[in-house]
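Just below is one structure, and these are the notes that go with it.
The values are calculated or read from the model by the stated rules, or taken from the named source; none is laboratory data. Fair warning: this is a prediction, and the values are worked out from it, not measured in the lab. Ideal geometry is used to build each Cβ from the backbone, glycine not excepted, and the neighbour counts take in all protein chains shown.
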Amino acid sequence: MTINRRSFLLTAGALALPLSAFADPAEFSYKYANNLPATHPMNVRANEMADAIRADSKGRVDIQVFPNNQLGSDTDMLSQVRSGGVEFFTLSGLILSTLVPAASISGIGFAFADYDAVWKAMDGELGGYIRSEITKANLVVMDRIWDNGFRQITTSSHPIVVPADLKGMKLRVPVSPLWTSMFKALDASPTSINFSEVYSALQTKVVEGQENPLAVISTAKLYEVQKYCSLTNHMWDGFWFLGNKAAWERLPPDLRTIVARHINDAGLKERADVAALNASLKTDLLSKGLAFNQPQTAPFRDHLRAANFYADWKSKYGEKAWGLLEAVSGKLA
């Protein structure tokens, strides 16, 4: 066999290519976007999920993960998943409420005492009710909501011990009416800013503080621009795994089963990861300079009740949804 220079170079070039270059392209190549850093448990489990779906579907479904707002802000990505520009997207129910009002009920201030109460509600009747409302908005939603955790308040000026400590404070909140309403009821000055801009807003003192779960405070390095962390547990927040309806219906039934199973399994693993991470993060964040305090929650709940926060939101959600919430939370309004 004669090997000339040209055939040698072609052969060598082919050998240098990754094996994936010779793999058959996936029958269904979908994008999954989210707003969290690549190191967050959501993205760790999402990448495992994508690998499992690729293997279980024998390469027919390839889901590419785009973390950290790579494809736009929350509002941008919600628009994209509705139009089909992005096939999958995880979004807080509190932000999804701009499209599906019922989705924010899980974030009512001081509603859940602990994780047992959260999963009883969200894997039970309240979660089922919210999913039915999301479906009415022409979106696909998976059965298991992913965890973002209980939210805590960080500030650059002083700790939050009692409701009066929030008076007049410029506090970043997500773009959601419930957050704005709650912190106004607590006499703060909430400012809606997309998550991709939070670090710079704190760094430049556009806002004095923010509120997020410890896992986000850590992975987004917010401790670099904040001094105090008050463990208020004021809201629980989770991420609904949403899909574009047309893209979902393009998948044959057997592939839908595979994709849904692995997404829901990954969501359960992510819940355990976030709970474990939050349990260990206080020590880590203390070493990075954050000062912690643990306020009593009763004065905050009383303040919200006196400001008619609960009564106002009960009227917005309606008797049915509010009843499903109070079946777990106890009497609020």
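Looking only at the range 219-245, count how many residues are more than 15 Å from the chain's Cα centre (by Cα), under 18 Å from residue 91 (Cα atoms) and either surrounded by fewer than 22 Cβ atoms within 10 Å (Cβ to Cβ) or of a type in the set (Gly, Ala, Ser) (or both).
Qualifying residue count for the region: 1.
Between a first residue in the range 78-94 that is under 18 Å from residue 267 (Cβ atoms) and a second residue that is of a type in the set (Phe, Trp, Tyr) and modelled with pLDDT under 95, which pairs have beta carbons less than 7 Å apart while being 6 or more apart in sequence or on different chains?
94/179
Among what's in the range 149-158 and is part of a strand (DSSP E or B) and over 19 Å from residue 289 (Cβ atoms), pick the residue that is farthest from the chain's Cα centre (by Cα).
Residue satisfying both the conditions and the ranking: 150.
For the range 246-333, which fully contained helices (runs of 4 or more DSSP H) count at least 1 residues that are buried (at least 17 other Cβ atoms within 10 Å of the Cβ), touching a residue at least 24 places away in the same chain (Cβ under 8 Å) and of a type in the set (A, V, I, L, M)?
253-287, 298-306, 319-329
Quick check on my filter: what residues within the range 60-76 are more than 30 Å from residue 197 (Cα to Cα) and either modelled with pLDDT under 95 or outside any loop (DSSP other than H, G, I, E, B) (or both)?
Across the range 60-76, the qualifying residues are 61, 62.
A quick yes/no check of all residues on (1) outside any helix (DSSP H, G or I); (2) among the aromatic types (Phe, Trp, Tyr):
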position	(1), (2)
121	no, no
129	no, yes
140	yes, no
147	yes, no
160	yes, no
165	no, no
168	yes, no
171	yes, no
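Give me a count of the residues in the range 185-217 that are out of contact with any Phe, Trp or Tyr (no Cβ under 9 Å at 6 or more places or on another chain) and at negative phi.
Final tally of qualifying residues: 19.
Please enumerate the residues belonging to the range 1-59 that are buried (at least 17 other Cβ atoms within 10 Å of the Cβ), modelled with pLDDT of 95 or more and in a loop (DSSP other than H, G, I, E, B).
Correct list: 34, 57.
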